[in-house]
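Have a look at the structure below, then the notes.
The values are calculated or read from the model by the stated rules, or taken from the named source; none is laboratory data. Predicted model, so just to flag it, every value in this text is computed and none were measured. As a convention, Cβ positions derive from the backbone with ideal geometry for all residues, glycine included, and neighbour counts pool all protein chains shown. Surface accessibility is based on the protein's heavy atoms, side chains included, excluding ligands, DNA and RNA. Shrake-Rupley method; radii C 1.70, N 1.55, O 1.52, S 1.80 Å.
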Amino acid sequence: MLRLVSQYFTISIYRENQMNILLVDDEPFALKLLSRQFNLLGYDKMTLCESGHQALSLLENGLQEFDLICCDLQMPEMDGVEFVRHLGRIGYSGGLILISGEDGRVLQTARMLAKAQHLKVLGVLQKPVASEVLGQLLQTQASRIVTPVQAKQKTYPADELLWAISNGHLVNYYQPKVDVATGAVTGIEALVRWQHPDDGLLLPAQFIRTAEEHELIDDLTKTVLASALHEAKLWHDKGLPLQVAINIPIEHLNSLDLPDYVARMVEKSGLPRSTVILEVPENGLINNSLPSLDILARLRLKRIFLSIDDFGSCHASLTQLRNIPFDEIKINQTFVHGASRDTSLSAIYMASLELARQLGMKTVAEGVEDREDWEFVRASGCDLAQGYFIAKPMLAAEIAGWIADWEDRQRDLFSERSMVGQT
Ligand code: C2E
Ligand code: CA
């Protein structure tokens with residue numbers, strides 16, 4: 001089947017039981033060549049686009065879903081890096097192969113940016129693409145490509161979510177943040193789950209987007225904050241003065257009254273204002289929207305602490321860091337886990353740390369998954385750490401027991417021996 005999508009050259013061929021592949025490259029010849037290479041490797045369900053804009057409109061209008069996207073980085077108008085940022089924004093869940101004639105470091109940087117957006121990067125290929133390299137990549141990575149049907153977790157209609165919010169079916173899980181130098185538990189991040197009556201415990205990936213798209217995010221945020229303050233008060237009363245972190249998708253908030261609401265709620269709880277820190281995802285700042293800046297500035301005026309979440313996942317932060325006085329930077333887990341074995345990751349990690357220090361902000365390494373990550377973060381002089389190695393998110397009732405276990409583990413983690421070889 002031959003189909004013209006716009007004024008650009010686009011071909012779609014469909015067959016059953018084949019990966020649906022989107023190829024994006026501004027050079028018609030390179031595009032044809034790549035599609036021919038896929039053909040020879042036995043793939044023929046392809047859509048060809050000559051620009052990122054065109055590819056994006058196909059993805060956004062939902063007419064087609066793709067299992068794999070191969071994208072050239074060097075394109076006029078929307079380049080590959082920008083295209084990848086949009087893929088992250090729309091939550092593309094298939095595989096991604098990045099292609100470029102630029103030097104290898106550009107490809108590696110683009111790969112890291114894509115991974116930071118939680119995209120599934122199967123590999124990077126130097127242009128001109130060699131068929132055997134492409135074949136090898138597809139062979140070794142095929143198992144990582146899940147079809148959109150498999151990948152798409154069940155989502156829920158907005159009215160069901162509204163009902164869940166109104167009837168107390170949202171539950172906060174809590175993940176501790178610890179002081180890297182002393183091991184002290186300093187704070188705890190609230191991570192919301194939905195206790196669904198039929199489907200069990202649902203993760204945020206299954207409902208946050210619906211909340212954002214249907215103006216339910218303000219209600220959800222207020223519910224999470226209320227529960228977190230309630231638990232924080234109980235912890236404080238037991239002698240555990242934990243700071244609670246709340247996730248705030250700043251660009252999706254609809255009402256400007258959030259700063260007043262937060263201040264009022266903290267006041268009512270009887271806790272000091274410093275008990276609350278709001279984690280604002282870095283990618284929510286890139287549009288520099290006036291309502292977002294208004295909310296952030298007023299939160300600061302009310303002495304509510306602010307943290308930049310997922311730092312490093314996009315590249316619009318330097319101006320924002322200057323404009324908005326954040327108290328804390330959370331370095332994206334992509335640049336933390338495995339950084340001890342990867343010089344590019346550790347370079348980005350160390351640069352983020354240095355930037356935060358220069359600006360007088362606290363640093364948090366997220367995604368500390370194993371002992372190697374822990375030792376690396378400890379040697380780097382980062383202030384706080386968070387991740388599965390320390391603790392997975394848990395119910396409020398489990399925190400006291402976890403703290404007791406953590407105190408036992410500290411004897412090993414902070415022994416002289418564990419720092420040998422570290423600088
Ligand atoms: P986030 O704020 O970046 O939260 C960190 C996510 O990474 C959490 O996933 C956490 O469980 C997971 N995580 C923690 N340590 C590790 C680790 O060592 N390795 C790995 N691989 N993952 C780790 P979760 O709970 O599924 O939340 C996902 C995202 O959903 C959060 O990302 C946040 O953006 C959003 N979210 C969670 N709770 C809320 C909420 O109350 N409100 C809003 N608006 N968004 C929320
Ligand atoms: Ca967070």
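General remarks:
- Of the residues making up the stretch 264-284, those that are more than 14 Å from ligand 2 (Cβ to nearest atom) and open to solvent by 10 Å² or more (accessible area, probe 1.4 Å) are R264, M265, E267, K268, S269, G270, L271, P272, R273, S274.
- The lone exception for K330 - which of (1) more than 23 Å from T223 (Cα to Cα); (2) among the basic types (K, R); (3) assigned to a helix (DSSP H, G or I) it fails: (3)
- Hits in the stretch 238-250 - residues which are surrounded by fewer than 19 Cβ atoms within 10 Å (Cβ to Cβ) and in a helix (DSSP H, G or I): none
- R357 within 21 Å of S307 (Cβ to Cβ) and assigned to a helix (DSSP H, G or I): yes
- Residue in the stretch 360-369 that is nearest to ligand 2 (Cβ to nearest atom), counting only those that are of a type in the set (D, E, K, R) and assigned to a loop (DSSP other than H, G, I, E, B): E366
- Verdict on I348 being under 23 Å from the mean Cα position of the chain (by Cα), in the same structural domain as T223 (by TED's automatic domain parsing) and farther than 19 Å from R111 by Cβ: no
- Subset of the stretch 259-291 [farther than 21 Å from K362 by Cα and within 14 Å of ligand 1 (Cβ to nearest atom)]: V262
- Scanning the stretch 324-340 for residues that are within 18 Å of V178 (Cβ to Cβ) and open to solvent by 40 Å² or more (accessible area, probe 1.4 Å) yields Q333, H337.
- Of all residues in the stretch 398-412, those satisfying the criterion of being out of contact with any helix residue (DSSP H, G or I) (no Cβ under 9 Å at 6 or more places or on another chain) and either open to solvent by 50 Å² or more (accessible area, probe 1.4 Å) or away from ligand 1 (no atom under 16 Å from the Cβ) (or both) are E398, G401, I403, A404, D405, E407, D408, R409, Q410, R411.
- With respect to the conditions (1) open to solvent by less than 20 Å² (accessible area, probe 1.4 Å); (2) free of Cβ contacts under 8 Å to residues at least 12 places away in the same chain, A184 falls short on a single one, namely (1).
- Filtering the stretch 363-373 to residues that are more than 15 Å from ligand 1 (Cβ to nearest atom) and either over 16 Å from K177 (Cβ atoms) or more than 20 Å from the chain's Cα centre (by Cα) (or both) leaves nothing.
- Within the stretch 66-142, strands (runs of 3 or more DSSP E) holding 3 or more residues that are assigned by TED's automatic domain parsing to the domain that holds K45 and open to solvent by 20 Å² or more (accessible area, probe 1.4 Å): 120-126
For every residue, the table says whether it meets (1) aliphatic (A, V, I, L, M); (2) modelled with pLDDT under 90; (3) out of contact with any His (no Cβ under 6 Å at 6 or more places or on another chain); (4) not assigned by TED's automatic domain parsing to the domain that holds G183.
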| site | (1), (2), (3), (4) |
| --- | --- |
| A297 | yes, yes, yes, no |
| L301 | yes, no, yes, no |
| C314 | no, yes, yes, no |
| S317 | no, yes, yes, no |
| I329 | yes, no, yes, no |
| H337 | no, no, yes, no |
| S344 | no, yes, yes, no |
| M361 | yes, no, yes, no |
| A365 | yes, no, yes, no |
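- N254 meets all of the listed conditions (1) open to solvent by 60 Å² or more (accessible area, probe 1.4 Å); (2) under 27 Å from R209 (Cα atoms); (3) more than 16 Å from ligand 1 (Cβ to nearest atom) but one, namely (3).
- All positions within the stretch 370-397 that are in a loop (DSSP other than H, G, I, E, B), crowded, with 20+ Cβ neighbours inside 10 Å and without any contact (Cβ under 8 Å) to a residue 60 or more places away in the chain: G387
- Neighbours by Cβ (under 9 Å, 6+ apart or cross-chain): first from the stretch 199-212, open to solvent by 30 Å² or more (accessible area, probe 1.4 Å); second near ligand 1 (Cβ under 8 Å from one of its atoms) and of a type in the set (S, T, N, Q): P204/N247; I208/N247
- Note on the stretch 341-369: residues that are farther than 25 Å from R298 by Cβ and surrounded by fewer than 19 Cβ atoms within 10 Å (Cβ to Cβ) amount to 13.
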